[in-house]
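The values are calculated or read from the model by the stated rules, or taken from the named source; none is laboratory data. Remember, predicted model here, so these are calculated numbers, not experimental data. All Cβ positions, even for glycine, are placed from backbone atoms using ideal geometry, and neighbour counts span all protein chains on display. SASA here: full protein model, heavy atoms, side chains in, ligands and nucleic acids out. Shrake-Rupley method; radii C 1.70, N 1.55, O 1.52, S 1.80 Å.
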Amino acid sequence: MKKIFNLIVLLCVVFSVSLNASETEKRIEAGFIEIAGLVTDAGNLNALENAKLYDEKGLLIATTDSRGYFKGKIEHPGNGAIHFKIKVQKSGYQSFVQTENWGTLGNNIRCAYYFGITKNDSKPFSEMVFTKDLSIDSVMAGFNAVQEKIDFSKKIETAKKDNQQVFFKIGSEYYLISNGGWLKIAFPEERISIAGKQTVKASEINSVIKRKQIKGMSPSESKAYSYEVYTR
């Protein structure tokens, strides 16, 4: 009887150790995404203090300081594809939700987010970059590139306003612009193929096709023209 009792105790100990090992393995496999960044007003890019970031479970990730800076962590399973959401909220502003669907990136991921949220008079934005340095100095330095991109987008939208042109000169640069994107070109004399039916100089394209007719644009390896414009 004593031998049976000892055997039962031994099996319980083995089972307990096995469970603990399994739980430890899960903890080791689990990972996290460390994030930092800035929350600004999408219109004037001023820093927003006391903006709160939540995960999809409604748990607080971080709160911005007087510089709009935040830093926090988001847990993820650690194996396979990564899916998560970040909700940005600030009193007086519309909530903004960032949805991410990534491939397998491993554990201990670091990235910087730049959020621009709005009251009701401008378009919200978000930018993300993978980076090892999440310090305030690094995040602020990265915001310069974001500002340049936003400023350029505003120039594109200004150029498109109240017209259906395709070829534009913005500053000292030349562009082909559709309603879905843009291509930077070197010279106004660049040859453009339109729907495979005719070829014109970039500077002449505004008299041939309207921006709303364009379904796509791409560089070309053809010797006869440098870019192609598609209408279907």
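A few points about this structure:
- All positions within region 83-132 that are open to solvent by 60 Å² or more (accessible area, probe 1.4 Å) and closer than 26 Å to F152 by Cα: Q94, S95, V97, T99, K119, N120, D121, K123, V129, F130
- Extreme residue, farthest from S138 (Cα to Cα), among residues of region 46-62 that are open to solvent by less than 40 Å² (accessible area, probe 1.4 Å) and free of Cβ contacts under 8 Å to residues at least 60 places away in the same chain: D55
- Qualifying residue in region 154-165 (condition: modelled with pLDDT of 95 or more, over 30 Å from G72 (Cα atoms) and in a strand (DSSP E or B)): no
- The requirement of being under 30 Å from G116 (Cα atoms), among the aliphatic types (A, V, I, L, M), open to solvent by 30 Å² or more (accessible area, probe 1.4 Å) and at pLDDT below 95 is not satisfied by A195.
- F115 passes every criterion in (1) under 15 Å from the mean Cα position of the chain (by Cα); (2) in a helix (DSSP H, G or I) apart from (2).
- In region 45-62, the qualifying residues are those that are among the aliphatic types (A, V, I, L, M) and not in a loop (DSSP other than H, G, I, E, B), and the one that is nearest to T99 (Cα to Cα) is L53.
- Within the set E190, E204, the sole residue that is more than 20 Å from F152 (Cα to Cα), modelled with pLDDT of 95 or more, in contact with a helix residue (DSSP H, G or I) (Cβ under 6 Å, 6 or more places away or on another chain) and not hydrophobic (A, V, I, L, M, F, W, C) turns out to be E190.
- Cβ-Cβ under 8 Å pairs, at least 6 apart or on other chains, region 127-156 side of a type in the set (A, V, I, L, M, F, W, C), far side open to solvent by 60 Å² or more (accessible area, probe 1.4 Å): F130/R110; L134/K71; L134/R110; I136/R67; M140/R67; I156/W182
- Of the listed requirements (1) within 21 Å of E127 (Cβ to Cβ); (2) open to solvent by less than 30 Å² (accessible area, probe 1.4 Å); (3) assigned to a strand (DSSP E or B), V146 misses just one: (3).
- Among (1) more than 15 Å from G68 (Cα to Cα); (2) among the charged types (D, E, K, R); (3) modelled with pLDDT of 95 or more, the one test that D137 misses: (1)
- Taken over region 209-232, the criterion of being open to solvent by less than 60 Å² (accessible area, probe 1.4 Å) and closer than 17 Å to Q164 by Cα is satisfied by I209, R211, I214, G216, M217, V229, T231.
- Residues (without any contact (Cβ under 8 Å) to a residue 40 or more places away in the chain and surrounded by fewer than 14 Cβ atoms within 10 Å (Cβ to Cβ)) located in region 164-178: K169, G171, S172, E173
- Residue in region 101-116 that is under 22 Å from N46 (Cβ atoms), of a type in the set (K, R) and out of contact with any helix residue (DSSP H, G or I) (no Cβ under 7 Å at 6 or more places or on another chain) present: no
- Number of the condition not met by N179 [criteria: (1) modelled with pLDDT under 95; (2) in contact with a strand residue (DSSP E or B) (Cβ under 9 Å, 6 or more places away or on another chain); (3) under 30 Å from N46 (Cα atoms); (4) outside any helix (DSSP H, G or I)]: (2)
- Residue that is most open to solvent (accessible area, probe 1.4 Å), among those in region 63-73 that are assigned to a strand (DSSP E or B) and farther than 10 Å from V88 by Cα: K73
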